[in-house]
Amino acid sequence: MTEEKDLRGRRAFLKQGGALGGAAALGALLPAAAIGQTGKIRIGLMLPYSGTFAQLGVAIENGIRLAIDEAGGKLGGREVEFVKLDDESDPAKATDNANRLITRDKVDGLVGTVHSGVALAMVRVARETNALLLIPNAGADAATGPLCAPNIFRTSFANGQVGYPMGKVMAERGIKNVVTISWKYAAGEESVAGFKDAFTKGGGKVTKELWLPFPNVEFQPLLTEIASLKPDAVYTFFAGGGAVKFLKDYQAAGLKGKIPLYGAGFLTDGVLDAAGDAAEGIETTLHYADSLDLAKDKTFRLAYAKTFKMQPDVYAVQGYDTGLLLVQAFAKTKGAVDKPALIKAMEGAVIESPRGTWRMSKAHNPIQDLYLRKVVGKENRASGVAVKALDYPPADRCKMPGA
Ligand code: BEZ
């Protein structure tokens with residue numbers, strides 16, 4: 001499919017007000033070969049394979065591959081070819097990287113990425129080119145808020161969606177004054193904003209917000225400040241290698257056990273081997289946990305461990321669900337890259353996920369349960385559901401073009 005065709009497709013789609021035209025309906029009925037689409041379906045994987053989020057990128061790719069392999073290794077009967085690109089979690093390179101995959105490599109669908117700043121650039125490119133974009137992690141609220149679009153879907157979370165439940169839980173516990181600490185970029189800012197929203201509604205107060213630039217890990221001066229401020233608790237957003245360093249530094253600074261540390265679940269997900277006892281006992285909220293009593297989670301965890309010789313984490317689950325979404329959508333079009341039909345299928349998809357069954361909101365973000373978890377040994381053990389079926393930020397912040 002050429003870029004020119006994509007642009008025409010977008011105009012046509014917008015004119016139709018998002019409704020399916022005859023061609024789309026035809027695409028859903030005819031096998032791909034009958035409408036001239038054969039050969040491999042090309043899926044671009046724009047993910048971090050280096051830097052502090054490298055392991056997250058690998059887990060996402062593993063999850064996608066597992067879901068497609070379990071479906072016979074094909075999408076709608078067609079072989080799949082992955083075109084991989086290391087985005088280095090670098091927003092400055094993101095526009096060029098996304099354009100390269102869409103225009104030069106002519107991928108049929110683009111999957112990416114982890115870092116919210118990179119994802120926002122991808123969203124802008126996807127809006128301009130009408131490329132199909134599936135976001136398997138980055139929580140940038142705007143992607144399914146003011147920048148939402150028919151061709152953009154997220155299979156993970158919105159940043160505020162993960163912070164909000166922790167604010168609710170901490171307020172309900174009677175915690176009154178909190179210091180927040182995070183990287184200063186969309187993910188950290190929106191995670192803290194979601195947390196604050198629920199925490200202040202529940203009567204709590206954020207007395208100080210501490211920030212450092214991504215991916216800086218010089219935590220010491222800020223930890224000294226926390227020690228002198230003596231808040232009731234600390235709320236934080238860090239992930240990947242940075243989360244491991246933060247947990248260890250918090251313990252080394254003598255704060256662990258003195259000032260309770262809470263966070264968005266990325267703080268302790270996928271890092272427990274590396275963090276050791278620095279993570280023990282820490283409570284977080286997330287849309288996944290290690291000990292869910294769900295048959296789908298048990299089979300997923302077994303298959304993932306057998307295939308990749310490691311335990312899955314939330315990033316692997318999000319990758320897996322991205323694969324499930326692709327499998328479902330291309331099954332509906334019988335392998336045709338028929339964008340309106342694929343979009344319709346994705347909007348109606350029911351994802352039987354290891355995290356629990358979820359559906360897309362009107363803004364194309366999962367409506368899902370947010371678990372409260374506690375680190376026990378090498379597990380993020382679920383202790384309950386903090387908020388059920390949370391659609392946050394509310395889907396009405398998205399005015400879908402063409403709707
Ligand atoms: C983000 O940039 O959106 C993000 C990165 C890692 C974990 C969670 C969110």
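The values are calculated or read from the model by the stated rules, or taken from the named source; none is laboratory data. Since the model is a prediction, treat every value here as computed from it, not as a measurement. Here Cβ is always computed from backbone atoms with ideal geometry, including for glycine, and neighbour counts include all displayed protein chains. For the accessible areas, the whole protein counts, side chains as well, though only heavy atoms, and no ligand, DNA or RNA atoms are used. Shrake-Rupley method; radii C 1.70, N 1.55, O 1.52, S 1.80 Å.
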* Asked: Only one residue in F219, F199 is more than 15 Å from the ligand (Cβ to nearest atom), under 26 Å from the mean Cα position of the chain (by Cα), farther than 23 Å from F53 by Cα and at pLDDT 95 or above. Which one?
  -> F199
* Within the range 145-176, can you find the residues that are open to solvent by 10 Å² or more (accessible area, probe 1.4 Å) and within 15 Å of the ligand (Cβ to nearest atom)? -> L147, Y164
* Asked: Taking the range 33-53, which residues are surrounded by 16 or more Cβ atoms within 10 Å (Cβ to Cβ), of a type in the set (A, V, I, L, M, F, W, C) and either within 16 Å of the ligand (Cβ to nearest atom) or without any contact (Cβ under 8 Å) to a residue 12 or more places away in the chain (or both)?
  -> M46, L47, F53
* To do: Would you check which residues across the range 339-359 are open to solvent by 20 Å² or more (accessible area, probe 1.4 Å) and under 21 Å from L132 (Cβ atoms) and list them?
  => K339, P340, K344, E347, G348, V350, R359
* **From the options T207, T236, residue that is in contact with a strand residue (DSSP E or B) (Cβ under 7 Å, 6 or more places away or on another chain) and under 29 Å from Q318 (Cα atoms)** => T236
* To do: Might you check whether a residue that is assigned to a strand (DSSP E or B), modelled with pLDDT of 60 or more, open to solvent by 40 Å² or more (accessible area, probe 1.4 Å) and in contact with a Lys or Arg (Cβ under 7 Å, 6 or more places away or on another chain) occurs anywhere in the range 54-74?
  => no
* Structure fact -> (1) away from the ligand (no atom under 16 Å from the Cβ); (2) touching a residue at least 40 places away in the same chain (Cβ under 8 Å); (3) β-branched (V, I, T) all hold for T299 apart from (2)
* If L134 passes every condition in (1) in the same structural domain as S353 (by TED's automatic domain parsing); (2) surrounded by fewer than 24 Cβ atoms within 10 Å (Cβ to Cβ) but one, which one does it miss? -> (2)
* Asked: Within the bounds of the range 205-217, is there any residue that is of a type outside the set (D, E, K, R) and either within 21 Å of R373 (Cα to Cα) or in a helix (DSSP H, G or I) (or both)?
  -> no
* Asked: Here are S291, S228: which of them is modelled with pLDDT under 95 and either away from the ligand (no atom under 16 Å from the Cβ) or open to solvent by less than 20 Å² (accessible area, probe 1.4 Å) (or both)?
  -> S291
* **Selection from the range 75-101 of residues that are over 24 Å from R127 (Cβ atoms) and part of a loop (DSSP other than H, G, I, E, B)** => G76, G77
* To do: Within the range 262-285, count every residue that is in contact with a Gly (Cβ under 9 Å, 6 or more places away or on another chain), more than 16 Å from L56 (Cβ to Cβ) and of a type in the set (A, V, I, L, M, F, W, C).
  => 1
* Asked: Does F199 satisfy the criteria of being in a helix (DSSP H, G or I), open to solvent by less than 10 Å² (accessible area, probe 1.4 Å) and aromatic (F, W, Y)?
  -> yes
* Restricting to the range 75-89, what's the tally of residues that are buried (at least 17 other Cβ atoms within 10 Å of the Cβ) and not hydrophobic (A, V, I, L, M, F, W, C)? -> 6
* Asked: With respect to K334, is the statement that it is of a type outside the set (V, I, T), more than 30 Å from N130 (Cα to Cα) and more than 16 Å from the ligand (Cβ to nearest atom) true?
  -> no
* Residue in the range 98-116 that is farthest from the ligand (Cβ to nearest atom), counting only those that are more than 18 Å from I64 (Cβ to Cβ) and open to solvent by 20 Å² or more (accessible area, probe 1.4 Å) -> K106
